[in-house]
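To start, the structure itself, in structure tokens.
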Amino acid sequence: MSMMARLTSANEAGQLTVTDLAVAADRELAQLTVAARWLLEGAELPEEFVKAATRANSARYALSRAARRAQHRQERHTARAALRRLAATTDALRVVRRGGAAA
């Protein structure tokens, strides 16, 4: 089971905070940023980065659920901010992988 899958299931069981999910999402974000740079340079994407993109999609789902379920304004803000960062990077990576230019 991947790290994001474990985090998602722990979050659904109520064992994680929104901050835990945001930190994990930022780790995936760092890998995706490297992947996008490699793709822009024309390099072949290693399997670990393909898996990072899949984990990032799981993180987006977990963060969107956490944002909806958050009871405090600060938790909602933390989840939505991490979700925006992750969404922007995964969307840009998708464009780059398809051969377009990321804006």
*May I ask you to derive the relative contact order of the stretch 17-97, considering only C-alpha pairs under 8 Å and at least 6 residues apart, and to give it as an integer percent?*
45
_Table column - 3J(HN,Hα) (Hz), the stretch 65-78, Karplus curve with 6.51, -1.76, 1.60, x for Gly and Pro_ = 5, 5, 5, 5, 8, 4, 8, 10, 4, 5, 5, 4, 4, 4
*Which percent of Cα-Cα pairs in the stretch 17-97 sits in each 10 Å bin, short to long?*
20, 49, 22, 8, 1
*With a cut-off of 14 Å, note down the residues of the stretch 46-84 whose backbone N falls inside the zone around a label point 7 Å from the Cα of residue 26 toward its beta carbon.*
78-84
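Every read-out reported here was derived from the displayed coordinates using simple, explicitly stated rules and does not represent laboratory data. Owing to the predicted nature of the structure, the values given are computational and were not obtained by experimental measurement. Don't worry about glycine lacking a Cβ; one is built from the backbone with ideal geometry, like all the others, and counts go over all protein chains shown.
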